[in-house]
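Engineer: Sharing a structure here in structure tokens format.
Taken together, the values in this text are just the output of simple stated rules run on the coordinates, not laboratory data. Bear in mind that the values here come from a model prediction, so they are computed numbers and not experimental data. All Cβ positions, even for glycine, are placed from backbone atoms using ideal geometry, and neighbour counts span all protein chains on display.
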Amino acid sequence: MNRLTFSGLLNAIDGIITPDSSEPQFLFLTTNYKERLDSALIRPGRVDFDLHVDYCDRHQAQMLFERFYPSNDIRTGNSEKFVYNLYHQVDKNEEFKELEISAAQLQGYFMQHKFDENKAISNVNQLRKKL
């Protein structure tokens, strides 16, 4: 039985990222629980840049819609309609509520409606129910 040890993982990472590499090397580590990671894994030299990717705001949701549906003519206002429908709470005195929605969740939703942006707009309650 071949098992990867933590020491073996660290050695593999150090072997990938060496100062004598002829080309720049990038290693991406992702986690939802940075505080649980061993400090040896994320020490300087192994992790030199730390980027927190948060939930999407309204502008990011609109940009994702526009990029996913490139045929969307911005003058139609479909991206604005989508964002309005996504963030608007009819049952709470028509107030806007910040949602905790990731870019991956939006992309998955757009994939369900990849050929019909109008359905993505009109069926946004399906997405809201999953949040």
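Engineer: Given springs between every Cα pair under 10 Å in a Gaussian network model of the chain, which of Arg58, Arg36, Arg46 has the largest fluctuation?
Structural biologist: Result for the chain, Cα springs under 10 Å: Arg36 fluctuates most.
Engineer: Using 0.36 nm per residue, how much length does the chain from Ser7 to Tyr84 gain when fully extended, once their Cα-Cα distance is taken away?
Structural biologist: Once the chain is fully extended between Ser7 and Tyr84, it gains 22.7 nm.
Engineer: Okay, moving on. Nearest 0.05, what FRET efficiency do Ile42 and Phe115 give at R0 = 35 Å with Cβ-Cβ as r?
Structural biologist: 0.25
Engineer: Based only on the alpha carbon positions, what is the Kirkwood hydrodynamic radius of the chain, in angstrom?
Structural biologist: 18.2 Å
Engineer: Under the rule that an exposed site lies in a DSSP loop and has at most 15 other Cβ atoms within 10 Å, name the longest stretch of the chain with no chymotrypsin sites (Phe, Trp or Tyr not before Pro) of that kind, not counting the sites themselves.
Structural biologist: The longest such stretch corresponds to 56-114.
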